[in-house]
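Report on the structure given below.
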Amino acid sequence: MKRLVVAVLASGLLGCATASPVLYQNQKYEDVGRAGAERDIAECRALADRAGATADVGKAGEAAKSAGVGAVGGAAAGAVGGAIGGSPGIGAAAGAASGVVWSLFSAMFGWMAPSQPSSVHMNYVNACLADRGYQVVGWK
């Protein structure tokens, strides 16, 4: 039981990881090194947050949309399964509920990949880093 709890907590923490900018190793990067670049990234992220370009802007709407899609897909699959068993209504309801739950957990824990910050946040951080002499080649 303890291993299960540790595994769930670890997956939750890993799911909270957000993508970070990947920097081209130009002269600026070579001058400051990895540690200096990481400090500048952290400062640019903080500036973006203070300016209102937080990493999670618009994420609630994305989660709600995902839950709606999950409910429709789950209802359809549940109705088919329920029809086979003789109760399509109950199957559709169960499928919709499980589709919503799966979609919300996926959005909440960011399973499969690090969650991408909002585009406004990424653009702000990219501009900040460019002003400091860095070249952002993407986010990972």
5 angstrom amide H check on TRP139, placed H, neighbours 5+ away: VAL22
Contour minus Cα-Cα distance for ALA51 and GLN25 (0.36 nm per residue): 6.6 nm
Gain upon complete extension [ARG34, ALA130; 0.36 nm per residue less C-alpha separation]: 32.9 nm
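Read the figures in this text as sums done on the coordinates, not as results from a lab. From a predicted model like this one, the values you see are computed outputs, not experimental measurements.
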